[in-house]
Amino acid sequence: MSVFVCPVCGKKLQNEEKRYFCENNHSFDRASAGYVNLLLPRHGGNHGDDKLMVRARRDFLDRGYYEPLREAVCRTLEEKLPDGALVFDAGCGEGYYTAKMAQTMAEKNGVVFGADISKEALRIAHKRESSMELAVASLYHLPLADESVDALTLIFSPLCTEEFLRVLKPGGLFVMAIPLREHLYGLKAAVYDNPYENEVKDTAIEGFELLGMEEIRRTLRLESTDDILNLFSMTPYYYKTSAADQEKLKNLQSLETEIAFGLLVYRKSGTDRQ
(Lines give C-alpha, C1' and ligand atoms only; values in the text may rest on other atoms or scores of the structure.)
Protein backbone atom coordinates (compact mmCIF):
# COMPACT_ATOMS: atom_id res chain seq x y z
CA MET A 1 0.00 0.00 0.00
CA SER A 2 1.31 3.43 -0.96
CA VAL A 3 1.37 6.47 1.30
CA PHE A 4 -0.21 8.42 -1.58
CA VAL A 5 -3.86 8.56 -2.62
CA CYS A 6 -5.33 8.75 -6.09
CA PRO A 7 -5.40 12.38 -7.29
CA VAL A 8 -8.58 11.67 -9.26
CA CYS A 9 -10.85 10.02 -6.67
CA GLY A 10 -8.93 10.17 -3.39
CA LYS A 11 -8.84 6.40 -2.84
CA LYS A 12 -5.71 4.74 -1.46
CA LEU A 13 -3.14 3.74 -4.06
CA GLN A 14 -1.58 0.32 -4.36
CA ASN A 15 1.94 0.28 -5.76
CA GLU A 16 3.54 -2.34 -7.92
CA GLU A 17 6.94 -2.35 -9.57
CA LYS A 18 5.79 -0.38 -12.61
CA ARG A 19 2.54 1.32 -11.64
CA TYR A 20 0.29 2.75 -8.94
CA PHE A 21 -3.47 2.08 -9.06
CA CYS A 22 -6.61 2.52 -6.96
CA GLU A 23 -9.80 0.46 -6.55
CA ASN A 24 -11.51 2.60 -9.20
CA ASN A 25 -8.90 1.48 -11.76
CA HIS A 26 -7.15 4.83 -12.07
CA SER A 27 -3.58 3.91 -12.94
CA PHE A 28 -0.30 5.85 -12.89
CA ASP A 29 2.98 4.59 -14.31
CA ARG A 30 6.03 4.45 -12.09
CA ALA A 31 8.89 6.09 -13.98
CA SER A 32 12.17 4.24 -14.38
CA ALA A 33 13.69 7.17 -12.46
CA GLY A 34 11.78 6.04 -9.36
CA TYR A 35 8.89 8.48 -8.99
CA VAL A 36 5.19 8.41 -9.85
CA ASN A 37 3.53 11.35 -11.61
CA LEU A 38 0.35 12.27 -9.69
CA LEU A 39 0.10 15.81 -11.07
CA LEU A 40 -3.19 16.31 -12.90
CA PRO A 41 -3.27 18.76 -15.84
CA ARG A 42 -5.93 20.86 -14.11
CA HIS A 43 -3.55 21.40 -11.20
CA GLY A 44 -1.16 23.47 -13.24
CA GLY A 45 0.89 21.22 -15.47
CA ASN A 46 4.50 20.20 -14.88
CA HIS A 47 6.79 23.13 -14.17
CA GLY A 48 9.22 23.40 -11.28
CA ASP A 49 12.96 23.93 -11.25
CA ASP A 50 14.72 23.27 -14.54
CA LYS A 51 17.74 21.05 -15.15
CA LEU A 52 20.27 23.86 -14.67
CA MET A 53 18.88 24.92 -11.29
CA VAL A 54 18.44 21.35 -10.02
CA ARG A 55 21.96 20.26 -10.96
CA ALA A 56 23.47 23.45 -9.57
CA ARG A 57 21.71 22.78 -6.26
CA ARG A 58 22.84 19.16 -6.23
CA ASP A 59 26.47 20.05 -6.90
CA PHE A 60 26.52 22.89 -4.36
CA LEU A 61 24.75 21.02 -1.55
CA ASP A 62 26.91 17.94 -2.05
CA ARG A 63 29.89 20.10 -1.06
CA GLY A 64 28.40 20.29 2.46
CA TYR A 65 27.88 24.04 2.64
CA TYR A 66 24.34 23.72 4.05
CA GLU A 67 25.06 20.72 6.26
CA PRO A 68 24.35 22.70 9.49
CA LEU A 69 20.75 23.19 8.36
CA ARG A 70 20.32 19.56 7.36
CA GLU A 71 21.66 18.43 10.74
CA ALA A 72 19.25 20.76 12.54
CA VAL A 73 16.25 19.47 10.59
CA CYS A 74 17.13 15.83 11.26
CA ARG A 75 17.84 16.49 14.94
CA THR A 76 14.48 18.20 15.34
CA LEU A 77 12.60 15.25 13.85
CA GLU A 78 14.58 12.74 15.87
CA GLU A 79 13.94 14.57 19.14
CA LYS A 80 10.29 15.50 18.67
CA LEU A 81 8.71 12.59 16.81
CA PRO A 82 7.69 9.21 18.21
CA ASP A 83 8.83 5.90 16.78
CA GLY A 84 7.06 4.91 13.60
CA ALA A 85 6.22 8.46 12.52
CA LEU A 86 5.20 9.20 8.94
CA VAL A 87 7.02 12.30 7.64
CA PHE A 88 6.22 14.15 4.41
CA ASP A 89 8.77 16.50 2.83
CA ALA A 90 6.79 19.06 0.83
CA GLY A 91 8.71 20.39 -2.17
CA CYS A 92 11.50 17.90 -1.55
CA GLY A 93 13.49 18.95 -4.62
CA GLU A 94 16.56 16.85 -5.35
CA GLY A 95 16.38 15.17 -1.95
CA TYR A 96 19.44 16.52 -0.13
CA TYR A 97 17.46 17.00 3.07
CA THR A 98 14.86 14.28 2.41
CA ALA A 99 17.34 11.43 2.04
CA LYS A 100 19.10 12.28 5.29
CA MET A 101 15.76 12.60 7.05
CA ALA A 102 14.80 9.15 5.78
CA GLN A 103 18.03 7.64 7.08
CA THR A 104 17.55 9.35 10.44
CA MET A 105 13.93 8.31 10.90
CA ALA A 106 14.60 4.74 9.76
CA GLU A 107 16.44 4.29 13.06
CA LYS A 108 13.09 4.99 14.77
CA ASN A 109 11.08 2.83 12.35
CA GLY A 110 9.74 5.98 10.75
CA VAL A 111 9.02 6.59 7.07
CA VAL A 112 9.93 9.70 5.08
CA PHE A 113 8.54 10.43 1.62
CA GLY A 114 8.26 13.49 -0.60
CA ALA A 115 6.70 15.31 -3.51
CA ASP A 116 7.89 18.00 -5.88
CA ILE A 117 6.63 19.50 -9.11
CA SER A 118 10.00 18.98 -10.86
CA LYS A 119 10.65 15.59 -12.47
CA GLU A 120 14.32 16.47 -12.88
CA ALA A 121 14.65 17.03 -9.14
CA LEU A 122 12.92 13.75 -8.27
CA ARG A 123 15.28 11.80 -10.53
CA ILE A 124 18.16 12.94 -8.34
CA ALA A 125 16.22 12.44 -5.11
CA HIS A 126 15.60 8.80 -5.99
CA LYS A 127 19.31 8.26 -6.59
CA ARG A 128 20.05 9.68 -3.14
CA GLU A 129 17.72 7.26 -1.35
CA SER A 130 15.92 4.70 -3.49
CA SER A 131 13.68 3.48 -0.64
CA MET A 132 11.68 6.73 -0.51
CA GLU A 133 8.30 7.06 -2.19
CA LEU A 134 8.36 10.14 -4.40
CA ALA A 135 5.64 11.80 -6.45
CA VAL A 136 5.33 14.62 -8.93
CA ALA A 137 2.59 16.77 -7.38
CA SER A 138 1.56 20.32 -6.63
CA LEU A 139 1.83 21.42 -3.00
CA TYR A 140 -1.56 23.08 -3.48
CA HIS A 141 -3.18 19.72 -4.37
CA LEU A 142 -1.36 17.06 -2.37
CA PRO A 143 -2.17 13.41 -3.18
CA LEU A 144 -2.49 12.62 0.52
CA ALA A 145 -5.44 11.63 2.70
CA ASP A 146 -6.84 13.95 5.35
CA GLU A 147 -4.94 13.79 8.67
CA SER A 148 -2.56 11.14 7.36
CA VAL A 149 0.95 12.34 8.30
CA ASP A 150 2.63 12.88 11.67
CA ALA A 151 4.99 15.59 10.46
CA LEU A 152 5.53 17.81 7.46
CA THR A 153 8.76 19.57 6.50
CA LEU A 154 9.14 22.56 4.21
CA ILE A 155 12.63 23.65 3.18
CA PHE A 156 12.43 26.88 1.14
CA SER A 157 9.27 25.82 -0.72
CA PRO A 158 5.91 27.63 -0.94
CA LEU A 159 3.76 27.71 2.18
CA CYS A 160 0.37 26.11 1.45
CA THR A 161 -1.31 26.46 4.83
CA GLU A 162 -4.71 25.01 3.97
CA GLU A 163 -3.30 21.84 2.43
CA PHE A 164 -0.74 21.34 5.19
CA LEU A 165 -3.42 21.61 7.86
CA ARG A 166 -5.56 19.14 5.95
CA VAL A 167 -2.96 16.36 5.70
CA LEU A 168 -1.40 16.71 9.16
CA LYS A 169 -2.77 14.58 11.97
CA PRO A 170 -4.15 16.35 15.07
CA GLY A 171 -1.16 17.71 16.94
CA GLY A 172 1.10 17.04 13.96
CA LEU A 173 4.50 18.69 13.67
CA PHE A 174 5.32 21.27 10.99
CA VAL A 175 9.01 22.13 10.48
CA MET A 176 9.84 25.01 8.13
CA ALA A 177 13.18 26.53 7.09
CA ILE A 178 13.31 30.16 5.94
CA PRO A 179 16.14 32.53 4.95
CA LEU A 180 16.89 35.25 7.50
CA ARG A 181 17.70 38.87 6.68
CA GLU A 182 21.42 38.51 6.03
CA HIS A 183 21.27 35.19 4.17
CA LEU A 184 23.58 35.32 1.09
CA TYR A 185 24.20 39.04 1.49
CA GLY A 186 27.83 38.63 0.41
CA LEU A 187 26.70 36.93 -2.80
CA LYS A 188 24.28 39.74 -3.57
CA ALA A 189 26.96 42.33 -2.81
CA ALA A 190 29.19 40.71 -5.44
CA VAL A 191 26.44 40.94 -8.07
CA TYR A 192 24.39 44.05 -7.39
CA ASP A 193 25.36 47.70 -7.03
CA ASN A 194 22.72 48.06 -4.31
CA PRO A 195 22.48 44.77 -2.39
CA TYR A 196 19.52 44.30 -0.07
CA GLU A 197 18.64 42.19 2.95
CA ASN A 198 15.86 39.60 2.79
CA GLU A 199 12.42 40.39 4.12
CA VAL A 200 11.48 38.14 7.04
CA LYS A 201 7.73 37.82 7.45
CA ASP A 202 5.74 37.36 10.64
CA THR A 203 6.20 33.83 11.97
CA ALA A 204 2.53 33.51 13.00
CA ILE A 205 0.61 31.03 10.80
CA GLU A 206 -3.13 30.56 11.24
CA GLY A 207 -3.93 27.05 12.43
CA PHE A 208 -0.47 26.43 13.89
CA GLU A 209 1.15 27.06 17.25
CA LEU A 210 4.81 28.12 17.10
CA LEU A 211 6.83 25.91 19.46
CA GLY A 212 10.21 27.50 18.81
CA MET A 213 12.74 28.80 16.32
CA GLU A 214 16.42 27.93 15.91
CA GLU A 215 18.70 30.37 14.10
CA ILE A 216 21.60 28.89 12.14
CA ARG A 217 24.32 31.26 10.99
CA ARG A 218 27.68 30.63 9.35
CA THR A 219 30.14 32.45 7.10
CA LEU A 220 30.97 30.51 3.95
CA ARG A 221 34.23 30.80 2.06
CA LEU A 222 33.77 29.56 -1.49
CA GLU A 223 37.09 28.79 -3.13
CA SER A 224 36.09 28.06 -6.73
CA THR A 225 34.19 29.78 -9.50
CA ASP A 226 32.11 26.63 -9.98
CA ASP A 227 30.87 26.72 -6.38
CA ILE A 228 30.05 30.42 -6.68
CA LEU A 229 28.12 29.94 -9.92
CA ASN A 230 26.30 26.88 -8.57
CA LEU A 231 25.18 28.81 -5.50
CA PHE A 232 23.92 31.69 -7.62
CA SER A 233 22.24 29.38 -10.17
CA MET A 234 20.22 27.56 -7.51
CA THR A 235 18.69 30.78 -6.18
CA PRO A 236 15.75 32.80 -7.57
CA TYR A 237 18.22 35.65 -8.22
CA TYR A 238 19.56 33.83 -11.27
CA TYR A 239 16.45 34.47 -13.35
CA LYS A 240 16.04 38.03 -12.13
CA THR A 241 19.57 39.26 -12.83
CA SER A 242 20.93 40.83 -16.00
CA ALA A 243 23.59 39.10 -18.06
CA ALA A 244 26.01 41.92 -17.24
CA ASP A 245 25.58 41.42 -13.50
CA GLN A 246 25.84 37.64 -13.83
CA GLU A 247 29.12 38.09 -15.68
CA LYS A 248 30.67 39.57 -12.53
CA LEU A 249 30.59 36.17 -10.82
CA LYS A 250 32.38 34.41 -13.67
CA ASN A 251 35.47 36.44 -12.88
CA LEU A 252 35.51 35.53 -9.17
CA GLN A 253 37.68 32.71 -7.87
CA SER A 254 36.61 33.08 -4.25
CA LEU A 255 33.69 34.57 -2.34
CA GLU A 256 32.79 35.05 1.30
CA THR A 257 29.09 35.22 2.17
CA GLU A 258 26.80 34.78 5.12
CA ILE A 259 24.26 32.00 5.39
CA ALA A 260 21.44 32.52 7.86
CA PHE A 261 18.50 30.17 8.31
CA GLY A 262 15.54 30.17 10.63
CA LEU A 263 14.21 26.71 11.50
CA LEU A 264 10.68 27.13 12.81
CA VAL A 265 8.84 24.32 14.58
CA TYR A 266 5.04 24.42 14.76
CA ARG A 267 2.28 22.16 16.03
CA LYS A 268 -1.11 21.90 14.41
CA SER A 269 -3.41 23.81 16.73
CA GLY A 270 -6.40 22.47 18.59
CA THR A 271 -4.90 19.57 20.58
CA ASP A 272 -2.77 19.06 23.65
CA ARG A 273 -0.39 16.60 22.00
CA GLN A 274 3.28 17.33 22.76
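The values are calculated or read from the model by the stated rules, or taken from the named source; none is laboratory data. What you see is a predicted model, and the numbers here were worked out from it, not measured in a lab. In this analysis, Cβ positions are derived from the backbone assuming ideal geometry, glycine residues included, and neighbour counts consider all displayed protein chains. Side chains included, ligands, DNA and RNA excluded: accessible areas come from the protein's heavy atoms. Shrake-Rupley method; radii C 1.70, N 1.55, O 1.52, S 1.80 Å.
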Gaussian network model of the chain, Cα springs within a sub-10 Å range: biggest mean-square fluctuation belongs to which of Glu215, Glu79, Glu258?
Glu79
What are the residues whose amide H is under 5 Å from the amide H of Leu180, where those residues sit 5 or more places off or on another chain and H is modelled from the backbone?
Ala260, Phe261, Gly262
1.4 Å probe accessible area per residue over the stretch 7-147, in Å²:
47
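Sorted by accessible area (1.4 Å probe), largest first, how do Lys169, Lys127 line up? Provide the component values of the computation, followed by the final result.
On the way: Lys169 65, Lys127 170 Å².
In descending accessible area the options line up as Lys127, Lys169.
Okay, helix-only estimate at 222 nm for the chain: each DSSP H run of n ≥ 4 adds -39500 (n - 2.57), divide by all residues, round to 500 deg cm²/dmol; what do you get?
Value at 222 nm, helices only, nearest 500: -8000 deg cm²/dmol.
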Cα-centre dipole for the chain with unit charges at Cβ (Lys and Arg positive, Asp and Glu negative), debye to 20:
540
Tell me, what % of the accessible area of the stretch 63-163 is carbon and sulfur with a 1.4 angstrom probe?
43
Please state the charge dipole magnitude for the stretch 105-166, taken about the Cα centre, from unit charges on C-beta atoms (+1 on K and R, -1 on D and E), reported in debye and rounded to the nearest 20.
320
Per-residue ³J(HN,Hα) for the stretch 203-215, Karplus 6.51 cos²θ - 1.76 cosθ + 1.60, θ = phi - 60°, Hz, x for Gly and Pro:
7, 5, 10, 4, x, 10, 9, 6, 8, x, 9, 9, 9
If each K or R counts +1 and each D or E counts -1, the residues other than Val200 whose Cβ falls under 13 Å of its Cβ total -3
Of Leu134, Leu61, Tyr192, which is farthest towards the positive pole of the chain's charge dipole, taken about the Cα centre with +1 and -1 on the beta-carbons of Lys, Arg and Asp, Glu respectively?
Leu134
One finds, for Lys108 and Val8 with R0 = 35 angstrom and r their Cβ-Cβ distance, a FRET efficiency to the nearest 0.05 of 0.55
Label point distance in nm, Asp245-Asp146, each placed 7 Å from Cα along Cα→Cβ
4.6
Give me, ordered by chain and number, the residues 5 or more places off Leu152 or on other chains with an amide H under 5 Å from its own placed amide H.
Phe88, Leu173, Phe174, Val175
For a protection proxy built on the mean count of beta-carbon atoms within 10 angstrom, sort 134-140, 224-230 highest first, please.
134-140, 224-230
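Count neighbours as other Cβ atoms within 10 Å of each site's Cβ, and list the trypsin sites (Lys or Arg not before Pro) in the stretch 25-122 that are DSSP loop with at most 12 such neighbours. It would help to have the intermediate numbers written out before the result.
Details: sites: Arg30, Arg42, Lys51, Arg55, Arg57, Arg58, Arg63, Arg70, Arg75, Lys80, Lys100, Lys108, Lys119; in loops: Arg63, Lys108.
Here no trypsin sites (Lys or Arg not before Pro) fit, given the DSSP loop and packing criteria.
Give, in nm to one decimal, the length gained when the segment between Asn194 and Ser131 is fully stretched (0.36 nm per residue of separation minus the Cα-Cα distance). All intermediate terms of the calculation are to be shown ahead of the outcome.
Values: separation 63, 0.36 × 63 = 22.68 nm, distance 4.56 nm.
Separation in residues times 0.36 nm, less the Cα-Cα distance, equals 18.1 nm.
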